[in-house]
Amino acid sequence: MDSITHLDAVTLSRFIRSKHISCVEVMQSYLQQIHRLNPTYNAIVSLRPDDELLSEAAKHDQMLAEGRYLGWMHGMPQAPKDVTLTRGLRTTFGSPLLQNFVPDIDAPVVARMRAAGSIFIGKTNVPEFALGSQTYNPVFGPTRNALNPSLTAGGSSGGAAVALALKMLPVADGSDMMGSLRNPAAFNNVYGLRPSHGRVPSGSPDLFCQQLATDGPMARNITDLAMLLLTQAGHDGYDPFSRRDCLPAGPAGHVHPDELVSRGILEQDFEGTRIGWLGDLDGHLPFEPGVLELCEESLSTFDTLGATVQSMKPPFSPAQLWDTWLTWRHYLLAGTLGVHHADPKRRSQLKPEAVWEVEQGLNMPASQLFSASLTRSAIYRKVMHMFESVEFLVLPAAQVFPFDVDIHWPKEINGRAMDTYHRWMEVTILATLMGCPALSVPAGLNPQGLPAGLQILGKPGADWQVLQLGRAWEKALEKSARQ
């Protein structure tokens with residue numbers, strides 16, 4: 001039974017479809033893993049009763065016996081992120097204000113995973129309202145790092161990353177506003193992709209102002225990551241910014257994992273590819289000692305692919321980028337959480353960082369937002385000009401190694417004070433504001449066994465090219481491990 005949870009998702013899908021293993025056996029194996037590890041790591045919350053889940057798995061087996069196959073995720077246990085609406089399943093947002101909330105609809109990504117055959121077993125833990133890259137909240141407590149349970153899992157998709165890394169889930173969904181798919185992937189040594197803006201349809205109540213957050217996939221390997229992206233992605237006529245261009249493989253409902261592999265559409269030669277290394281943004285970003293050095297050492301992996309890496313200075317002001325970020329974030333969170341802040345009783349149940357975000361945005365003049373939009377637009381043009389000289393940009397995925405799980409956020413990095421609760425994740429905001437696809441890949445471990453990751457950024461819309469480079473990176477790491 002233990003061997004089932006060690007299968008990659010593509011192989012698991014093939015074994016289920018061929019009836020080599022049953023959905024009940026899969027569910028039993030994953031539940032055994034969850035009951036063994038989750039009490040320590042606290043990655044999965046609101047777990048449904050075993051008997052309910054085994055009964056649902058048996059129904060999926062019966063469907064197969066009758067020739068009804070839902071899709072590549074048929075019978076796979078899944079636990080959507082606890083800020084993602086999931087019909088009939090408690091979705092708390094990590095907040096006592098919503099600890100008993102049960103949605104009656106699915107977010108688009110959940111609906112698509114359900115249609116592909118997933119069985120939803122619970123949710124994955126998040127920070128309160130997904131604010132901050134440290135997964136703790138007053139409803140369920142903290143999620144602990146998969147490599148060392150005394151450390152943070154990162155966030156806000158921290159529960160998803162840990163459940164994935166510890167094989168409590170075959171693949172995992174998450175969302176990303178400020179590195180929430182990238183930081184926990186780096187902290188737990190797995191892969192996480194922030195897709196291009198509009199690649200995955202939005203489940204937000206607001207369809208026009210929300211341009212920072214997006215849902216996306218996490219996985220233990222690139223092929224699994226690609227399959228989950230194919231499930232999540234695709235045009236949605238109810239989302240005005242939903243991309244109409246198709247990924248090369250087409251919708252996952254029409255592509256079986258075997259076909260994805262056999263067609264070789266994730267394989268690409270990167271001989272002569274130009275990659276720009278942005279590092280610390282010309283000294284703007286502070287890093288914990290060892291992080292930047294480990295990431296720089298890992299760049300040699302690109303050399304083995306025949307690619308050339310060149311250091312680049314940002315053609316924009318990183319300070320202006322940060323100010324623009326704060327304005328957009330304050331504006332959006334004041335709108336999202338303002339209803340809770342307006343009621344003193346509800347406000348008292350918000351964490352201080354959430355109150356601060358809202359209060360920074362409540363009295364913001366329209367001129368400030370418009371000015372920030374102009375700055376963002378100017379930076380976008382400069383970044384697109386960078387992509388005329390290189391095909392990809394690369395940055396570290398975090399500025400620190402995983403830290404003590406009882407610390408809410410780092411107050412300083414290498415002697416430089418952090419003036420906000422999220423300043424230590426400033427390295428992630430470029431991809432968010434530009435709407436670029438950004439893939440977090442493992443960059444290695446420091447002498448103490450702590451992980452770091454790299455972000456690979458592509459032009460908006462170049463999600464598949466980023467995945468192809470990630471696949472080449474993964475193969476290079478596998479080759480190096482065998483030597």
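The values are calculated or read from the model by the stated rules, or taken from the named source; none is laboratory data. Note that the structure is a prediction, hence the values are computed from the model and not measured. All Cβ positions, even for glycine, are placed from backbone atoms using ideal geometry, and neighbour counts span all protein chains on display.
Residues of segment 98-134 being of a type in the set (A, V, I, L, M), in contact (Cβ under 8 Å) with a residue 12 or more places away in the chain and within 23 Å of residue 154 (Cα to Cα), which ones?
Kept after step one, since they are of a type in the set (A, V, I, L, M), are these residues of segment 98-134: 98, 102, 105, 107, 109-111, 113, 115-116, 119, 121, 126, 130-131.
Then keep just the ones that are in contact (Cβ under 8 Å) with a residue 12 or more places away in the chain; that gives 102, 105, 107, 109-110, 113, 115-116, 119, 121, 126, 130-131.
109, 110, 121, 126, 130, 131, listed by residue number.
Of all residues in segment 11-23, those that are among the aliphatic types (A, V, I, L, M) and either over 16 Å from residue 73 (Cβ atoms) or buried (at least 22 other Cβ atoms within 10 Å of the Cβ) (or both) total 2.
Results for (1) surrounded by fewer than 19 Cβ atoms within 10 Å (Cβ to Cβ); (2) closer than 30 Å to residue 356 by Cβ; (3) in contact (Cβ under 8 Å) with a residue 40 or more places away in the chain; (4) touching a His at 6+ places or on another chain (Cβ under 8 Å), shown as yes or no for each residue.
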{"site": "381", "(1), (2), (3), (4)": "yes, no, no, no"}
{"site": "397", "(1), (2), (3), (4)": "no, yes, yes, no"}
{"site": "411", "(1), (2), (3), (4)": "yes, yes, no, no"}
{"site": "452", "(1), (2), (3), (4)": "no, yes, yes, no"}
{"site": "474", "(1), (2), (3), (4)": "no, no, yes, no"}
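Among the residues of segment 342-391, those that are in contact with a Lys or Arg (Cβ under 8 Å, 6 or more places away or on another chain) and not in a helix (DSSP H, G or I) comprise 387, 389, 390, 391.
Looking at segment 187-195, is at least one residue under 21 Å from residue 107 (Cα atoms), buried (at least 24 other Cβ atoms within 10 Å of the Cβ) and β-branched (Val, Ile, Thr)? No, segment 187-195 contains no residue that is under 21 Å from residue 107 (Cα atoms), buried (at least 24 other Cβ atoms within 10 Å of the Cβ) and β-branched (Val, Ile, Thr).
For segment 122-167, what are the residues that are assigned to a loop (DSSP other than H, G, I, E, B), crowded, with 24+ Cβ neighbours inside 10 Å, of a type in the set (Gly, Ala, Ser) and out of contact with any Pro (no Cβ under 8 Å at 6 or more places or on another chain)? Of everything in segment 122-167, those that are assigned to a loop (DSSP other than H, G, I, E, B), crowded, with 24+ Cβ neighbours inside 10 Å, of a type in the set (Gly, Ala, Ser) and out of contact with any Pro (no Cβ under 8 Å at 6 or more places or on another chain) turn out to be 122, 132, 146.
Considering segment 326-374, the residues that are among the polar types (S, T, N, Q) and crowded, with 20+ Cβ neighbours inside 10 Å include one that is nearest to residue 458 (Cα to Cα), namely 327. Going by what's in this entry, would residue 437 be described as under 23 Å from residue 328 (Cβ atoms) and crowded, with 24+ Cβ neighbours inside 10 Å? Against the criterion (under 23 Å from residue 328 (Cβ atoms) and crowded, with 24+ Cβ neighbours inside 10 Å), residue 437 qualifies. Entry remark, segment 1-30: residues being part of a helix (DSSP H, G or I), over 23 Å from residue 221 (Cβ atoms) and of a type outside the set (S, T, N, Q) number 1 in total. Just a yes or no: is a residue in segment 45-53 touching a strand residue (DSSP E or B) at 6+ places or on another chain (Cβ under 6 Å) and not in a helix (DSSP H, G or I)? Scanning segment 45-53, I find at least one residue that is touching a strand residue (DSSP E or B) at 6+ places or on another chain (Cβ under 6 Å) and not in a helix (DSSP H, G or I), so the answer is yes. Among the residues in segment 209-232, are any assigned to a loop (DSSP other than H, G, I, E, B), at pLDDT 90 or above and touching a Lys or Arg at 6+ places or on another chain (Cβ under 6 Å)? No, segment 209-232 has no match at all.
Looking across segment 115-167, the residues that are within 23 Å of residue 232 (Cα to Cα) and more than 17 Å from the chain's Cα centre (by Cα) come down to 115, 116, 117, 118, 119, 120, 121, 122. Return yes when residue 390 is in contact with a Phe, Trp or Tyr (Cβ under 7 Å, 6 or more places away or on another chain) and closer than 30 Å to residue 473 by Cβ and no when it is not. Taking the combined requirement at face value, the residue does not satisfy it.
Do we have any residue at all in segment 46-59 that's within 21 Å of residue 141 (Cα to Cα) and either free of Cβ contacts under 8 Å to residues at least 12 places away in the same chain or of a type in the set (Val, Ile, Thr) (or both)?
Quick first cut of segment 46-59, residues within 21 Å of residue 141 (Cα to Cα) only: 46-49.
Those left that are additionally either free of Cβ contacts under 8 Å to residues at least 12 places away in the same chain or of a type in the set (Val, Ile, Thr) (or both): 49.
The answer is yes; a qualifying residue exists.
Contact map, segment 282-305: residues that are in contact (Cβ under 8 Å) with a residue 40 or more places away in the chain paired with residues that are surrounded by 15 or more Cβ atoms within 10 Å (Cβ to Cβ) and of a type in the set (D, E, K, R), Cβ distance under 8 Å, separation 6+ or inter-chain. Pairs shown: 285/426; 286/280; 287/280; 292/280.
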